[in-house]
Amino acid sequence: MSQFKIASLDNLIVQLSKLPGIGRKTAQRLAIHILKGSHDYAEALTGAIVDVKQNTRLCGRCFNIAEDTLCSICADPGRDHSKICVVEDIVDVMAIEASNEYRGVYHVLGGVISPLAGVGVDDLKIRELLERARTGDIGEVLLALNLSTEGEATMIYLSQLLKNHSVEVTRIAHGIPLGSHLEFVDQTTIGRAILGRQKI
Ligand SMILES: [Zn+2]
């Protein structure tokens, strides 16, 4: 066992290796990069981390990430507020926005119904979605959940609930491989899937 130990560097490596996709070796490389870098960079990095925790919250309407009461999409009068795209997570909003094919607004469910993982209807923002469909001037609800077994089941469940409201329910399907997560699908495919959405 090596006696070489620098507590502060080791601590940074431990913290970095907790990030998804970062193994011990990568964490070590990043930590040494930060160690050798300027003070200004280290401060900008820590500042950005603290900032993102302090200055963000969930949008009061769609549960996307926001820096104000509403997210920048909900607050944008240039968006089509009669169309709601329902997604599992904030990363899906980012993936769809990157495709540049969607001008409506969103609703972030916070997951999908998954009895095995202990996620039930009440753990998701389903009640809030129905409330928006009921009270808002909504023409279309586009279901864009990941095409996993749970995602499919949740889309069927939502489409049945939404049938009681006078909205058209559509879903993306075209070109998205079964079982795939939207965040890993390329922008062109997501764009095509949105344009080719089907009525349920
Ligand atoms: Zn919002």
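The values are calculated or read from the model by the stated rules, or taken from the named source; none is laboratory data. Just so it is clear, the structure is predicted and the values come from calculations on it, not from any experiment. Ideal geometry is used to build each Cβ from the backbone, glycine not excepted, and the neighbour counts take in all protein chains shown. Remember, those area values only see protein heavy atoms, side chains included, never the ligands or the DNA or RNA. Shrake-Rupley method; radii C 1.70, N 1.55, O 1.52, S 1.80 Å.
Among residues of segment 63-90 being aliphatic (A, V, I, L, M) and open to solvent by 50 Å² or more (accessible area, probe 1.4 Å), the one that is nearest to I156 (Cα to Cα) is I65. Counting the residues of segment 46-58 that are within 15 Å of the chain's Cα centre (by Cα) and either touching a residue at least 40 places away in the same chain (Cβ under 8 Å) or open to solvent by 50 Å² or more (accessible area, probe 1.4 Å) (or both) gives 2.
Taken over segment 153-174, the criterion of being modelled with pLDDT of 90 or more, of a type outside the set (V, I, T) and within 18 Å of I113 (Cβ to Cβ) is satisfied by A153, M155, Y157, L158, S159, Q160, L161, L162, R171. Here M155 does not qualify as within 25 Å of Q54 (Cα to Cα) and outside any strand (DSSP E or B). Highlighted here are the strands (runs of 3 or more DSSP E) found entirely within segment 44-151 that include at least 3 residues which are out of contact with any Asp or Glu (no Cβ under 8 Å at 6 or more places or on another chain) and within 15 Å of the ligand (Cβ to nearest atom): 80-87. Is at least one residue of segment 129-139 more than 20 Å from G60 (Cα to Cα) and free of Cβ contacts under 8 Å to residues at least 60 places away in the same chain? Within segment 129-139 (the criterion being more than 20 Å from G60 (Cα to Cα) and free of Cβ contacts under 8 Å to residues at least 60 places away in the same chain), the answer is yes, since at least one residue qualifies.
Taking segment 98-110 as the range and being under 15 Å from the mean Cα position of the chain (by Cα) and either buried (at least 20 other Cβ atoms within 10 Å of the Cβ) or modelled with pLDDT under 95 (or both) as the test, the residues that pass are A98, S99, V105, Y106, H107, V108, L109. Within segment 29-43, the residues that satisfy the criterion of being open to solvent by less than 70 Å² (accessible area, probe 1.4 Å) and in a helix (DSSP H, G or I) are L30, A31, I32, I34, A42.
I'd like the residue in segment 121-167 that is under 20 Å from A95 (Cα atoms) and touching a helix residue (DSSP H, G or I) at 6+ places or on another chain (Cβ under 7 Å) and, out of all such residues, is surrounded by the fewest Cβ atoms within 10 Å (Cβ to Cβ). Filtering segment 121-167 for residues that are under 20 Å from A95 (Cα atoms) and touching a helix residue (DSSP H, G or I) at 6+ places or on another chain (Cβ under 7 Å), the one surrounded by the fewest Cβ atoms within 10 Å (Cβ to Cβ) comes out as N146.
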